[in-house]
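The values are calculated or read from the model by the stated rules, or taken from the named source; none is laboratory data. Note that this is a predicted model, so its numbers are computed, not measured. When we count neighbours, we look across all protein chains shown, and the Cβ atoms used for this are built from the backbone with ideal geometry, even at glycine. Protein only, heavy atoms only, side chains kept; ligands, DNA and RNA dropped before computing areas. Shrake-Rupley method; radii C 1.70, N 1.55, O 1.52, S 1.80 Å.
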Amino acid sequence: MNGINLLSPQQAEQVIRSRLTCSPIESLPLMQCVGATLREDIVAERDLPPFDRVCMDGVAVDSGALGRGVRRFVVQATQAAGSPALELERSDHAIEVMTGAIMPRATDCIVPVEQYNIASGIVSLTSDAVSTPYRNVQRRGADGLAGMVMLKAGCILGPPEIAVAASAGLARVRVSSQPAFMIVSTGNELVEPGEPIAAQQVRRSNAYAVAATLRAHGFGRVGDDHVPDDEEMLRERLKLHLTTHDVVILSGGVSMGKFDFVPKVLIELGAQEVFHKVAQRPGKPMWFGVGPQAQAIFGLPGNPVSTLVCLIRYVIPAIAEAMGTRPVLHERLALASPVSFDLPLSYFLPVVIEHDAWGQPWANPRPTNGSGDYLSLAGTDGFVELPPGPNTYPKGFVASLYRW
Ligand code: AMP
Ligand code: MG
């Protein structure tokens, strides 16, 4: 086995990227947008804060009066958050104000409730009360100015970004529409969890792993189907899925076995094969193509470690990019112990991230017992990508990390 003439993972990634079309845009109510990719710039509706804002419960006064030695003030009125600005009539008056209120006109500072006593409509300041202009006031525009770009297209809308969009007054925002995924597992030997199982059969675990990964990455439109290794049935079902879904992820049936019909059937259905096989372990038989309506079709090898590694290494980043998400830099991590690998292939090695006594993270290798050994993956954080061997990668060798 050698990697000559096969695409490297970097080349495969580039080719996939060049063949995916950008997701359409839809306008969604803000409440439904968490995790979505923003497809418009969001600008500030007003200055932030939009007015000089009281930031302590207390009294609003004219700091000039305190400067002249005034320590007792007549309470002129009370002004709550959300009430229009009142106006101070005399500099020995005070207006009671609440956090979040607009500053009353002719006042410029707040004395907090802890620093005065109030009786019979008179505020008497305690000795520690000081006031300089704009003390306990958040000035209009201090955080940002009207018209500024607060969020750029391409960002992921997490809770803080949702708050910013709400502050811009937007009830709906333009985001990438979620692609409709169809997971198709293949294989006569596979049995659904919950069903009785015979000695020669195995559980259909890949569909669960793929669906879990998609959901964990925020993709909500995920269907799944299972097709036995029957060419005619595969043709029928894939034909249907290709008319109703944007991304089809197959597991199994892409290797060289007599019943591995997936590539042949896809081509008969009008899909274009972009590549078959990547110089990597595990996951070498991976297939990628584009359907007649530009659907993305990923034929992942059925061995459970291969399926997950290919999904994380290629499918998730490619779809995220097609949705307009700005690419993130890969985390890089040092190996905690040396690793040997003697094939001319890139090696995806599962790891557990561990921290040493100084808090430094290390990638602790957890090699599997082959690509069928999904058990070894449990408890790992992801995998590192080691460049093609033969090589011994020493302790401290720095590699890109892909988290599950
Ligand atoms: P294949 O890629 O179809 O040749 O399958 C390779 C290996 O992966 C075989 O041992 C299959 O039984 C196993 N396999 C295929 N699909 C799944 C699946 N959905 N869940 C668990 N194992 C699978
Ligand atoms: Mg199979």
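Would you mind working out the magnitude of the charge dipole of the chain relative to its Cα centre, with +1 at each Lys and Arg C-beta and -1 at each Asp and Glu C-beta, to the nearest 20 Debye?
Roughly 560 debye for the chain.
Please list, in chain and number order, the residues 5+ apart from Asp47 or on another chain whose amide H is under 5 Å from its amide H, with Hs placed from the backbone.
Under 5 Å from the amide H of Asp47 lie the amide H atoms of Ala146, each far enough along the sequence or on another chain.
How far, in nm, would the chain grow between Asn364 and Phe259 when pulled straight, counting 0.36 nm per residue and subtracting the alpha carbon separation?
Length gained, Asn364 through Phe259: 34.0 nm.
Determine how many Å³ per residue the convex hull of the Cα atoms of the stretch 351-401 encloses.
Hull volume over Cα atoms, normalised by residue count, gives 93 Å³.
At a 10 angstrom cut-off on C-beta neighbours, averaged per residue, how do the peptides 38-51, 298-311 rank from highest to lowest?
298-311, 38-51
Carbon-plus-sulfur fraction of the accessible area of the chain, 1.4 Å probe, in percent?
Solvent-exposed carbon and sulfur of the chain make up 54 percent of the total.
Give the angle, between 0 and 90 degrees and rounded to the nearest 10, that separates the Cα long axis of helix 231-244 from the longest principal axis of the Cα atoms of the chain.
The helix 231-244 is inclined about 20 degrees to the chain.
So which trypsin sites (Lys or Arg not before Pro) in the stretch 247-315 end up in coil per DSSP with only 14 or fewer other C-beta atoms within 10 Å?
Those that pass, being in a loop and sparsely packed, are Lys258.
Whole number please: convex hull volume per residue of the Cα set in the chain, in Å³?
Taking the convex hull of the Cα positions in the chain, it is 205 Å³ per residue.
Quick check for me: using +1 on Lys/Arg Cβ and -1 on Asp/Glu Cβ, what's the dipole size of the stretch 298-404 about its Cα centre, in debye to the nearest 20?
Magnitude of the dipole: close to 140 debye.
Arranged from highest to lowest average of other beta-carbon atoms within 10 Å per residue, in what order do the peptides 27-33, 237-243, 106-112, 250-256 appear?
Per-residue mean Cβ counts within 10 Å order the peptides as 250-256, 106-112, 237-243, 27-33.
Once you order the gyration tensor axes a ≥ b ≥ c over the Cα atoms, which shape class does the stretch 255-397 get: rounded for a/c under 1.5, otherwise prolate or oblate by comparing a/b with b/c?
Prolate shape, in that a/c is at least 1.5 and a/b is the bigger ratio.
In terms of Cα to Cα distance under 20 Å, which aspartates and glutamates are near enough to Lys277, apart from those fewer than 8 places away along the same chain?
Glu13, Asp260, Glu268, Asp342, Glu385
Starting at the first residue of the stretch 265-278, write each ³J(HN,Hα) from the Karplus equation 6.51 cos²θ - 1.76 cosθ + 1.60 with θ = phi - 60°, in whole Hz, x for Gly and Pro.
Coupling constants for the stretch 265-278: 5, 4, 5, 4, 7, x, 6, 9, 6, 9, 7, 9, 5, 10 Hz.
At a threshold of 8 angstrom on Cα-Cα distance, excluding pairs fewer than six apart, so keeping six or more, what relative contact order does the stretch 1-142 reach in percent?
Over the stretch 1-142, the number comes to 28 percent.
Relative to a virtual label point 7 Å from the Cα of Asn5 in the Cα→beta-carbon direction, which members of the stretch 268-293 show backbone nitrogen distances below 17 Å?
274-280, 285-286, by backbone N distance to the label point.
Taking H as built 1.01 Å from N, whose amide H comes closer than 5 Å to the amide H of Ile183, not counting residues under 5 places away?
Placed amide hydrogens put Gly223, Asp224, Asp225, Ile249 under 5 Å from Ile183.
Val97's amide H: which non-local residues (gap 5+, or another chain) put their own amide H closer than 5 Å, with H modeled 1.01 Å from N in plane and none for Pro or chain starts?
Gly58, Val59, Ala60, Gln79
Cut-off 17 Å, label point 7 angstrom out along Cα-to-Cβ of Leu240: give me the residues of the stretch 182-199 whose amide nitrogen falls inside.
Of the residues in the stretch 182-199, 182-187 have backbone N under 17 Å from the label point off Leu240.
Between rounded, prolate and oblate, where does the stretch 311-355 land on the alpha carbon gyration tensor, with a ≥ b ≥ c its root eigenvalues, rounded for a/c under 1.5, else prolate if a/b exceeds b/c?
Oblate, because a/c is 1.5 or more while a/b does not exceed b/c.
What is the local net charge at Arg221, summed over the other residues whose Cβ is closer than 11 Å to its Cβ (Lys, Arg +1; Asp, Glu -1)?
Computed value for this residue: 0.
Label point 7 Å out from Arg135 along Cα-to-Cβ: which residues of the stretch 63-85 have amide N under 13 Å?
63-71
The stretch 61-132: which trypsin sites (Lys or Arg not before Pro) are DSSP loop and have at most 12 other beta-carbon atoms within 10 angstrom?
Arg68, Arg90
Accessible area per residue, 1.4 Å probe, Å², for the stretch 11-162: what's the number?
52
On a full-extension model of 0.36 nm per residue, what is the gain between Asp342 and Ala378, subtracting their alpha-carbon distance, rounded to one decimal in nm?
Going from the current span to full extension adds 10.4 nm.
Label the stretch 333-377 by shape, choosing from rounded, prolate and oblate, from the square roots a ≥ b ≥ c of the eigenvalues of the Cα gyration tensor; if a/c is under 1.5 it is rounded, and otherwise prolate applies when a/b is larger than b/c, oblate when it is not.
Oblate, because a/c is 1.5 or more while a/b does not exceed b/c.
About the Cα centre of the stretch 77-186, what is the dipole size in debye to 20, counting +1 per Lys and Arg Cβ and -1 per Asp and Glu Cβ, all else neutral?
Charge dipole, the stretch 77-186, about its Cα centre: 620 debye, nearest 20.
For the stretch 155-234, run through the trypsin sites (Lys or Arg not before Pro) and keep only the ones in DSSP coil with at most 14 other Cβ atoms within 10 Å of their Cβ.
Arg221
Once you have the alpha carbon radius of gyration of the stretch 65-204, what is it after dividing by 2.2 N^0.38 Å, with N set to its residue count?
Ratio of Rg to 2.2 N^0.38 Å for the stretch 65-204: 2.09.
If I stretch the segment between Val328 and Arg105 completely, what's the gain in nm (0.36 nm per residue apart, minus their alpha carbon distance), one decimal?
Length difference between fully extended and current span is 75.5 nm.
Please work out the C-alpha center-to-center distance from the stretch 387-404 to the stretch 307-367 and express it in whole Å.
The stretch 387-404 and the stretch 307-367 have Cα centres spaced 9 Å from each other.
For helix 9-19, what angle does its Cα long axis make with the longest principal axis of the chain, in degrees from 0 to 90 and rounded to 10?
Here the helix axis deviates by roughly 70 degrees.
I need the calculated FRET efficiency for the pair Ile118 and Asp356, taking r as the beta carbon distance and R₀ as 56 Å, to the nearest 0.05.
For Ile118 and Asp356, the calculated efficiency is 0.45.
What whole-number distance in Å separates the alpha-carbon centres of the stretch 368-383 and the stretch 175-242?
Using only Cα atoms to place each centre, the spacing works out to 20 Å.
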